[in-house]
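The values are calculated or read from the model by the stated rules, or taken from the named source; none is laboratory data. Bear in mind the structure is a predicted one, so any value in this text is a computation, not a measurement. Virtual Cβ from ideal backbone geometry, glycine too; neighbours counted across all protein chains shown. The area values use the complete protein model at the heavy-atom level, side chains included, leaving out ligands, DNA and RNA. Shrake-Rupley method; radii C 1.70, N 1.55, O 1.52, S 1.80 Å.
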Amino acid sequence: MVEIQKEWLLSARKGDPDAFGRIVEAFQKPVYNLCFRMLGNSEDAEDAAQETFWRAFQGLSRYDPKRSFGTWLLSIAAHYCIDRLRKKRLNLLSLESLLPEDDAPDPAPGPENQTDQKQGQAAVQELLANLGKEERAMIVMRYWYDMSYEEIGRALSCSISAVKSRLHRARQTLAQRWTTVHGPAPAWAGERHE
Amino acid sequence: MSRHLPFEDWIFADEALPENDLRELQRHLRDCAECRSIDQRWQAARQSLREAGMQTPAPGFTTRWKAMATRRLKTPGPAQAWIFLAATGLGSLVMAALLAVQTSAEGFSLTGVFSRSSTAVAGTLRDWANASNALGMVFRIVSRSIPPAWYLIAVFFLSVLGILGLLWFVRKTREGKK
Ligand SMILES: [Zn+2]
């Protein structure tokens, strides 16, 4: 993930939103993606990502420079999304709302790949929607950001053993649900390439 | 112990397995259809997560954030609003108290409800004034030197100011949250 420059942090700490804008620019993609994976639609993801950066801006004095800034931001985003899901009880995501019409996915796919991509993304979101809020956050942190168990634990305020056992359960759920989303697994999936 | 253990755990293991374990797992997967199915599905699901890539926000995300942040920074915080409300509230109370002292001291009577309700305040205030004479004197002098009509105007003015302040604060807060 991107890392932060010390000068950005110093000027942003003085409360200048323009200075913090550089941080927003640099981290918008990972933060937005986490919110999208958690909430399942672009409108909520935009809202949540904006709010995440606002909270980070307001709480910049609480950031410990010894830790990764990106992980700190993702932690704020995850907590906010979990809270939002709890409030909305938005556990089942509708297929239509999964993909934004006006959002440009990155990298921009050719028109012939767009339908495939949309279906693939929708399937991923449908898969994630089978998980509980915290487990979803753990899976996203693990498979999109390659965060260690320790980093995930710190970000979500739980122990490493809790992260391990919940990720294990989440993987079981994802494997179980794979067939309902995709039909039987393709033959290649059986060959283990570690 | 289940005959699928420790293979089930190994299937979902994130780290690469030691060579011996991997060989054992592969042998088990050949023989056990149940574990083979779980393994295939997990491999496929994991692959789809890995290939999903990053979703990006609509262009102009940073500009939208800056606009929102600037708007929110201009919005008065709850502390400012409370100070404002407390100041107008206190102003109204002082006015009412001054009027009450004047009313009770000179037997001045405003019509109806206002006069009756101020009597109670006046009673309390007289007791309080007796106890702290110096302050009471100042209070009486000030209260007598102001014509009664001014009190009404001042109370009216403070009330309007309070209501306007409250409306402004509510509107600003809503704007800021958008
Ligand atoms: Zn087995």
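Condition check ((1) within 14 Å of another protein chain (Cβ to nearest Cβ); (2) surrounded by 11 or more Cβ atoms within 10 Å (Cβ to Cβ); (3) modelled with pLDDT under 80) across all residues:
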position	(1), (2), (3)
B:Pro57	yes, yes, no
B:Thr62	yes, yes, no
B:Lys74	yes, no, no
B:Phe84	no, yes, yes
B:Thr88	no, yes, yes
B:Ala96	no, yes, yes
B:Leu110	no, yes, yes
So which residues in the stretch A:18-27 are buried (at least 20 other Cβ atoms within 10 Å of the Cβ) and at the interface with chain B (Cβ under 8 Å from one of its Cβ atoms), if there are any at all? A:Phe20, A:Val24
Residue list for the stretch B:26-43, filter: within 14 Å of the ligand (Cβ to nearest atom), closer than 20 Å to A:Leu167 by Cβ and at the interface with chain A (Cβ under 8 Å from one of its Cβ atoms): B:Ile38, B:Asp39, B:Gln40, B:Arg41, B:Trp42
Check on A:Glu46, open to solvent by 10 Å² or more (accessible area, probe 1.4 Å), under 14 Å from the mean Cα position of the chain (by Cα) and at pLDDT 95 or above: yes
Quick check on A:Arg67: is it within 17 Å of A:Leu128 (Cα to Cα) and open to solvent by 30 Å² or more (accessible area, probe 1.4 Å)? no
Output for the stretch B:45-55, where each listed residue is surrounded by fewer than 16 Cβ atoms within 10 Å (Cβ to Cβ) and either under 14 Å from A:Glu46 (Cα atoms) or among the acidic types (Asp, Glu) (or both): B:Glu51
In the stretch B:2-25, which residues are loosely packed, with under 14 Cβ neighbours inside 10 Å and either within 12 Å of the ligand (Cβ to nearest atom) or in a helix (DSSP H, G or I) (or both)? B:Ser2, B:Arg3, B:Leu5, B:Asp9, B:Glu19, B:Asn20, B:Arg23
Of those in the stretch A:118-145 that are more than 13 Å from the chain's Cα centre (by Cα) and within 9 Å of another protein chain (Cβ to nearest Cβ), the residue modelled with the highest pLDDT is A:Leu127
Which condition does B:Arg72 not pass, out of (1) away from the ligand (no atom under 14 Å from the Cβ); (2) free of Cβ contacts under 8 Å to residues at least 12 places away in the same chain, if it passes all the others? (2)
Taking A:Ala185 as the residue in question, decide whether it is surrounded by 14 or more Cβ atoms within 10 Å (Cβ to Cβ) and modelled with pLDDT of 65 or more. no
Positions within the stretch A:1-16 being under 22 Å from B:Met54 (Cβ atoms) and assigned to a helix (DSSP H, G or I), in sequence order: A:Trp8
Here are the criteria: (1) more than 16 Å from the ligand (Cβ to nearest atom); (2) assigned to a helix (DSSP H, G or I); (3) more than 8 Å from chain A (Cβ to nearest Cβ). Tell me which single one B:Arg46 does not satisfy. (3)
If I ask for residues that are open to solvent by 60 Å² or more (accessible area, probe 1.4 Å) and over 21 Å from B:Phe7 (Cβ atoms), which ones from the stretch A:160-171 would you list? A:Ile160, A:Ser161
Quick one: B:Lys66 ticks every box in (1) within 16 Å of the ligand (Cβ to nearest atom); (2) in contact with a Gly (Cβ under 8 Å, 6 or more places away or on another chain) except a single one, so which number is it? (1)
How many residues are touching a Phe, Trp or Tyr at 6+ places or on another chain (Cβ under 7 Å) and either within 12 Å of chain B (Cβ to nearest Cβ) or not in a helix (DSSP H, G or I) (or both) if we restrict to the stretch A:56-81? 2
